[in-house]
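Here the structure comes first, spelled out in structure tokens, and everything after it is commentary.
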Amino acid sequence: RSLLSMAAVFASHLERGVSRRAFESLLGQRRSAAAANFIAAPRLLVSRTMKSSATASASSAQTWAGNQSQEEFMQKDMCILVNEADEITGHASKKDCHVFNAKQPRGLLHRAFSVFLFNEREELLLQQRASTKITFPSVWTNTCCSHPLYGYEPSEVEQLADTAKGLTPGTVNAAVRKLEHELGIAPALVPRETFKFLTRLHYCASMAPAGEGADWSWGEHEMDYILLVKV
């Protein structure tokens, strides 16, 4: 399949909550695991994400520190708030964005990105989210999912004038940063000009209540930029 159709199929099944086993079966992939960290299969590669507290740093350590705890990330990282037209309305901490409660039953709508990384054989690299993640821990997903942030250089704030032309330089800056942080993929291996912007998806998904008797939960409410890249 083409990279576009593969990404579209994976995204649609991920959204519907299809399990990794069912998805592999759908693609006709029945090879067993060949290694502890990477599983090679026809058209599918899988990796387990590093914990957020790992010491891997972003490409510019002076502007964004990648060796923080999950709680520090939630408090210090500022997500970009938008309305349903993807127009910027402000910024808020990652923690505030992902809390679903009576005051904000759908959290705060903010920008995110999802990277689908393919190799020259058109195999897609998947990752399993760390068990320490606040939202959807241990879930299998596409190569890298995260957020462009407010207040850093190089800027990760997207301008809609660029997006209208199919250009997403700010989001690509964020994607390069997180590919190195989460998977150790050096920026030189994913040149910014090789990223292809596919579309944006507006979605919302909540988790179970945070605890017994809790009146709030964690969740995602995102304007998600879909990026494809081939290495």
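Ligands, DNA and RNA excluded, the heavy atoms of W216 present near 90 Å² of accessible surface to a 1.4 Å solvent probe. Residues whose amide H falls under 5 Å from that of D77, counting only those 5 or more places apart or on a different chain, are K94, with hydrogens built in the peptide plane.
Distance between the modelled labels on E120 and D215, one decimal in nanometres: 6.0 nm (7 Å Cα→Cβ projection).
Taking label points 7 Å from Cα along the Cα-to-Cβ direction, S155 and E87 give a separation of 1.9 nm. Ordered from highest to lowest accessible area with the whole protein assembly present and a 1.4 Å probe, S131, S155 read as S131, S155. Taking L81, L124, L167 and ordering them by how much accessible surface each has at a 1.4 Å probe, largest first, produces L167, L81, L124.
Can you work out the FRET efficiency for the pair C204 and E72, with r the C-beta to C-beta distance and R0 = 25 Å, to the nearest 0.05?
Calculated value: 0.45.
Protein chains only, probe 1.4 Å: how do E123, E87, E180 rank by accessible area, largest first? Kindly include the intermediate steps, with their values, before the conclusion.
Working: E123 25, E87 95, E180 45 Å².
Output order, biggest surface exposure first: E87, E180, E123.
Go through K165/K230; K94/K230; K76/K133; K95/K196; K95/K230; K76/K230 and tell me which ones have a Cα-Cα distance over 25 Å in this structure. Too far apart for the 25 Å limit: K94/K230; K95/K196; K95/K230; K76/K230.
Determine the distance separating the Cα centre of the stretch 147-211 from the Cα centre of the stretch 68-141; give it in Å without decimals. Answer, in whole Å: 10. For the stretch 83-142, with all protein chains in place and a probe radius of 1.4 Å, 50% of the accessible heavy-atom surface sits on carbon or sulfur. Taking each residue as 0.36 nm, the span from K230 to K165 lengthens on full extension beyond its C-alpha to C-alpha distance by 21.3 nm. Annotation: per residue accessible area for the stretch 82-231 equals 45 Å², rounded to a whole number [probe 1.4 Å, protein chains only].
The values are calculated or read from the model by the stated rules, or taken from the named source; none is laboratory data. Since the structure is predicted, the reported quantities are computational estimates derived from the model, not experimental observations. Positions of Cβ are generated from backbone atoms using ideal geometry, with glycine treated the same way; all protein chains shown enter the neighbour counts. For the accessible areas, the whole protein counts, side chains as well, though only heavy atoms, and no ligand, DNA or RNA atoms are used. Shrake-Rupley method; radii C 1.70, N 1.55, O 1.52, S 1.80 Å.
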